[in-house]
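Data first, discussion second: the structure below is written as structure tokens.
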Amino acid sequence: MFAIIQASGRQFRVEPGAIIAIDGHNVGETGGEVSFDRVLLVGKDAGEVMAGSPYVAGAKVVGVIDDTDKTKKVRVFKKKRRKQYRRTKGHRSLVTRVRITDIQV
């Protein structure tokens, strides 16, 4: 069984046991349970597919928060040639890893 969910502005294909990385730290504490109501599609083992418009009614994906971390540093470099202008900035995005435990239809 698999599902396609919408979380943090992106779509993920998930199945029980899969680990996904969601942007931001506002999901919850480590070890806490999280549920996703925005299920776009559910595929069952028998080949049956339930598609929503836009979401599948009554479907829910449940997961557990494994950890919260930061991604690799992204460097932003700006330059204007012959003007002595150079600026370097960087940032590390926050990410939360969620292990999917159950898909409920």
(message) I want to verify a result. In a Gaussian network model of the chain, Cα cutoff 10 Å, which of these has the top mean-square fluctuation: ALA59, ALA46, ALA21?
(response) ALA46
(request) May I ask you to give the percent of accessible area on the chain that is carbon plus sulfur, with a probe radius of 1.4 Å? (result) 45 percent
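Is the C-alpha gyration tensor of the range 54-105 telling us rounded, prolate or oblate? Criteria: a/c under 1.5 is rounded; beyond that, a/b larger than b/c is prolate, otherwise oblate.
Oblate is the answer for the range 54-105, as a/c is 1.5 or above yet b/c matches or exceeds a/b.
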(request) Can you spot the lysines whose alpha carbon is less than 25 Å from LYS70's alpha carbon? Ignore those fewer than 8 places along the same chain. (result) LYS78, LYS89
(message) Within 10 Å, Cβ to Cβ, of ILE103, how many net charges do the neighbouring residues add up to if Lys/Arg are +1 and Asp/Glu are -1?
(response) 0
(request) Take peptides 80-88, 27-35, 8-16 and line them up by average Cβ neighbours within 10 Å, highest first, as a rough protection proxy. (result) 8-16, 27-35, 80-88
(message) Full-extension gain between LYS72 and SER8, please, as 0.36 nm times their residue separation minus the C-alpha to C-alpha distance.
(response) 21.2 nm
(message) Charges at C-beta only: +1 for Lys and Arg, -1 for Asp and Glu. How large is the resulting dipole of the range 3-105 about its Cα centre, in Debye rounded to 20?
(response) 2040 debye
(request) Go through PHE36, ILE103, ALA59 and say which Cα lies farthest out towards the positive end of the charge dipole of the chain; charges sit on Cβ, +1 for Lys and Arg, -1 for Asp and Glu. (result) PHE36
(request) Mind jotting down the three principal axis lengths of the chain based on Cα atoms? Whole angstrom, largest first. (result) 64, 30, 19
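The values are calculated or read from the model by the stated rules, or taken from the named source; none is laboratory data. Keep in mind that this is a model prediction, so the values were computed, not measured. Reconstructed Cβ throughout: ideal geometry from the backbone, glycine too, with neighbour counts over all protein chains shown. In case anyone asks, the SASA skips ligands and DNA or RNA and just uses the protein heavy atoms, side chains included. Shrake-Rupley method; radii C 1.70, N 1.55, O 1.52, S 1.80 Å.
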